[in-house]
Amino acid sequence: MTRRLAILLATLLVVAAGAVWYVRSLPPDLPPPPSAAEIETLRAERDALQERLRAALVAQGEKSLKDAPRGGIMIGIPTSFTRSIVQQVVTGLFDGMTLTLKNLKVHKAGEVRAKMVFRKKKVGDYVLDVAIHQVQGILEPGPPDLVFGKNRIGISLPVRLARGQGEADLRFQWDSKGLAANTVCGNVDTTKTVTGGVVPEDYRLEGAFAITTRGDAVTLRPEFPDLAVRIYVDPSEQAWGVVDEVVKERRKGCEIALNKIDIKAQLAKILGKGFNVKIPQKIFKPIRLPAGVTQSLEVQGVRLPITVKFTGVLVAPDRIWYGADLKLGTAAAP
Amino acid sequence: MHKSTLVTASVCCVALLGGCRRREPPEAARARANARLLGEQIRSLEALVAKAEAGELDTDQQVAVAVSEDVVTSLVGASLPLEIKINERVRLRLESVQAFFRGNRSGLLMRARVSSVDVPDAFATLELGGALKEFTFAEGKLSTSASIEHFSVIESSVGDLAADLVENLVKENLQLIQQAIPPLVVPVNLEESVKIDGLTEGVVVAKPGTLPLAIAVAQVLPVNGRLWILLDAKAGPWKPLPAETEPEGPAGEKAGEKPTDTPEERSAEKPREKP
């Protein structure tokens, strides 16, 4: 029994080995693999579709894609996004900008002559001093116009000196000359505190941002002149009221003499010249566009330097393109 | 009892014969995989082209970042060789990688050597095909992880049966292998805000501010050898920050001390009336 079983087992093993050999000699149960020519046809079909996709994207608005500087890394920032950044940064900087003048002094002096019987005669000297403790003007920007040119963005920014306020001491001195004048008017030395505003004025700031690259990113560098602003102080109703008081507090004869000075007109004249303020060009800061190439990379806890070789920048109507080739360095020895 | 064992053994042998079919030569397997991949790329591109030609593929308002195959190959390759231990018995060593961005398919073709800890001379060479799909943007960085989509043993020092074992082992530990591959960080800095310093100079005070930027991955197009990552980007609104210092010296006072007849020469000066 055991011998028969052994023979059977041996026979089975031989049959099994033969079957394995036979099956393994068969080709795999798959259709024949594609030939090199078939693969090449598929590749050509794929490449043609890629080309069609590129053409469709260009037709849809990606006009500058074909001219974009090539590189291991390419970054394309839409003009609309750059425009939005520049507009908001520029208007943000000017919005609420204050121009604060302190301790300004203006002075006016003169004499008053009046007809005394036969001829005109000096009746007194006056001095008008205005000590402006502080006057502050506030700027408001309008929407800027941006023009994208070759490697620069031209800007025309309307700026309005919109409002302001200030406080000053108004000192009026009157020195009567001659007996008659001294009798009627005497001398006056009065100081009053007055308030005022700022006359609104419109300005336009013209300049540009040069589009530059500094290795790893595109930066917009400001090229603007200083902006000269003139602040005109506008005395308030309260200030005019104070001037009226100064005159009306005098006797009638004196009032006539003081009216000849026309303090209001003198005040308006000396303040009407305004005060110059220069807004320095350095108010504008470089704006770094928000996409750049990193100069190092952490790989498995080790920081590796990346050498960035800039390949070009293109300012196109639809995008600002930036291209760079990268070379990964080795970690510095500890 | 013995007879029934023999019958069972015979049936099993016959059943297993199907599995003993000879493995395809690597060149044929590669050609088949290539054709399959190209077919997938073509189908995917056809859909994308149809979308683009219908005007439904909006890209012109998006920030475009393109990375070449070479750059991604060198970035992923920087972390190689990478050794992964499976079940404490088997060592998988990722040795090389090649990135492919064609036909709207992003691919990483990796080659690994699998060997036994106990029998270091026995090895199999494995080819793994990965994809870069889920891109995320966080803390100014764009990153993604590779997901392994297919793999096959292309060479085995111990025969086809061992190759099958290796493939099964990889299949069972796919998650572990995927997680061991370091994430790809695209070497691009994307700022999340534009910060502008204020200015306090003389009579002029401009407040500093920040312009927040909202950036999010919109779509990824792997075509023509480049991985195009398109980002939705929105700027604003501008947020003014408190001025850091008070205005410097009173320019107006200086002007008042030295009045001039050419006011434009001074930053702030007073007019003067002669009596």
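Under 30 Å from B:Gly198 (Cβ atoms) and hydrophobic (A, V, I, L, M, F, W, C) - does that describe any residue in the stretch A:297-305?
First pass over the stretch A:297-305, keeping only residues under 30 Å from B:Gly198 (Cβ atoms): none.
For the stretch A:297-305, residues under 30 Å from B:Gly198 (Cβ atoms) and hydrophobic (A, V, I, L, M, F, W, C): absent.
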inquiry  = For the list (1) among the hydroxyl-bearing types (Ser, Thr, Tyr); (2) in contact (Cβ under 8 Å) with a residue 40 or more places away in the chain; (3) farther than 20 Å from A:Gly71 by Cα, I need the number of the one condition that A:Thr330 fails.
reply    = (2)
task = Specify the residue that is farthest from B:Leu132 (Cα to Cα); the eligible residues are those in the stretch B:214-236 that are at the interface with chain A (Cβ under 7 Å from one of its Cβ atoms) and surrounded by fewer than 21 Cβ atoms within 10 Å (Cβ to Cβ).
result = B:Gly236
task = Scan A:Ile231, A:Ile279 and give me the residue that is crowded, with 21+ Cβ neighbours inside 10 Å, in the same structural domain as A:Glu111 (by TED's automatic domain parsing), within 29 Å of A:Phe148 (Cβ to Cβ) and in contact (Cβ under 8 Å) with a residue 12 or more places away in the chain.
result = A:Ile279
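Assigned to a helix (DSSP H, G or I), surrounded by fewer than 16 Cβ atoms within 10 Å (Cβ to Cβ) and modelled with pLDDT of 85 or more - does that describe any residue in the stretch B:18-38?
yes
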ask   = Among (1) touching a helix residue (DSSP H, G or I) at 6+ places or on another chain (Cβ under 9 Å); (2) surrounded by 16 or more Cβ atoms within 10 Å (Cβ to Cβ), which single condition is A:Thr98 missing?
value = (1)
note = Of the candidates A:Gly301, A:Gly312, A:Gly274, A:Gly253, the one satisfying the condition of being surrounded by fewer than 20 Cβ atoms within 10 Å (Cβ to Cβ), more than 9 Å from every other protein chain (Cβ to nearest Cβ) and modelled with pLDDT of 85 or more is A:Gly312
request  = Among the candidates A:Ile211, A:Ile270, single out the residue that is in the same structural domain as A:Ala131 (by TED's automatic domain parsing), aliphatic (A, V, I, L, M) and in contact (Cβ under 8 Å) with a residue 60 or more places away in the chain.
outcome  = A:Ile270
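Got at least one residue in the stretch A:99-109 being outside any strand (DSSP E or B) and out of contact with any Ser or Thr (no Cβ under 7 Å at 6 or more places or on another chain)? Break it down stepwise before answering.
The first filter runs over the stretch A:99-109 and keeps only residues outside any strand (DSSP E or B), leaving none.
For the stretch A:99-109, residues outside any strand (DSSP E or B) and out of contact with any Ser or Thr (no Cβ under 7 Å at 6 or more places or on another chain): absent.
On the basis of being loosely packed, with under 15 Cβ neighbours inside 10 Å and either at pLDDT below 90 or under 21 Å from A:Pro317 (Cα atoms) (or both), does A:Pro31 make the cut?
Taking the combined requirement at face value, the residue satisfies it.
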message = With the structure loaded, tell me whether A:Leu205 is crowded, with 20+ Cβ neighbours inside 10 Å and at pLDDT below 95 or whether it fails that test.
response = yes
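Yes/no matrix, rows are residues, columns are (1) modelled with pLDDT under 90; (2) out of contact with any helix residue (DSSP H, G or I) (no Cβ under 9 Å at 6 or more places or on another chain); (3) within 30 Å of A:Lys285 (Cβ to Cβ); (4) in a loop (DSSP other than H, G, I, E, B):
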| position | (1), (2), (3), (4) |
| --- | --- |
| B:Ser143 | no, yes, no, no |
| B:Ala163 | yes, yes, no, no |
| B:Val217 | no, yes, yes, no |
| B:Ile229 | no, yes, yes, no |
key: Every residue from the stretch A:283-298 that is within 7 Å of another protein chain (Cβ to nearest Cβ) and either touching a His at 6+ places or on another chain (Cβ under 6 Å) or not in a strand (DSSP E or B) (or both)   = A:Ile283, A:Lys285, A:Thr294
query = When the residues of the stretch A:88-120 are filtered to those that are touching a residue at least 24 places away in the same chain (Cβ under 8 Å) and more than 9 Å from every other protein chain (Cβ to nearest Cβ), which remaining residue is nearest to A:His133 (Cα to Cα)?
reply = A:Val112
request  = Hey, can you tell me all the residues within the stretch B:167-195 that are over 30 Å from A:Val86 (Cα atoms) and either modelled with pLDDT under 85 or within 14 Å of another protein chain (Cβ to nearest Cβ) (or both)?
outcome  = B:Gln179, B:Ala180, B:Ile181, B:Pro182, B:Pro183, B:Leu184
ask   = Pick from the stretch A:234-255 the residues that are aliphatic (A, V, I, L, M) and touching a residue at least 40 places away in the same chain (Cβ under 8 Å): which of them is farthest from A:Glu201 (Cα to Cα)?
value = A:Val246
message = For the list (1) surrounded by fewer than 14 Cβ atoms within 10 Å (Cβ to Cβ); (2) touching a Ser or Thr at 6+ places or on another chain (Cβ under 8 Å); (3) outside the structural domain of A:Ile279 (by TED's automatic domain parsing), I need the number of the one condition that A:Phe148 fails.
response = (1)
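Return the residues of the stretch B:40-55 that are in a helix (DSSP H, G or I) and more than 7 Å from chain A (Cβ to nearest Cβ); say none if nothing qualifies.
Here is the first cut: in the stretch B:40-55, the residues in a helix (DSSP H, G or I) are B:40-53.
B:Glu40, B:Arg43, B:Ser44, B:Ala47, B:Ala50, B:Lys51, listed by residue number.
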Output for the stretch A:31-83, where each listed residue is of a type outside the set (Asp, Glu), more than 7 Å from chain B (Cβ to nearest Cβ) and over 29 Å from B:Pro187 (Cβ atoms) = A:Pro31, A:Pro32, A:Ser35, A:Ala36, A:Ala37, A:Thr41, A:Ala44, A:Ala48, A:Ala55, A:Ala59
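Do you know which residues across the stretch B:63-74 are facing another protein chain (nearest Cβ under 7 Å) and buried (at least 17 other Cβ atoms within 10 Å of the Cβ)? Break it down into steps so the answer makes sense when it comes.
Residues of the stretch B:63-74 facing another protein chain (nearest Cβ under 7 Å): B:63-68, B:70-71, B:74.
Passing the criteria: B:Val63, B:Ala64, B:Val65, B:Ala66, B:Val67, B:Ser68, B:Val71, B:Ser74.
The values are calculated or read from the model by the stated rules, or taken from the named source; none is laboratory data. Everything numeric here is computed off the predicted structure, so don't read it as measured data. Ideal geometry is used to build each Cβ from the backbone, glycine not excepted, and the neighbour counts take in all protein chains shown.
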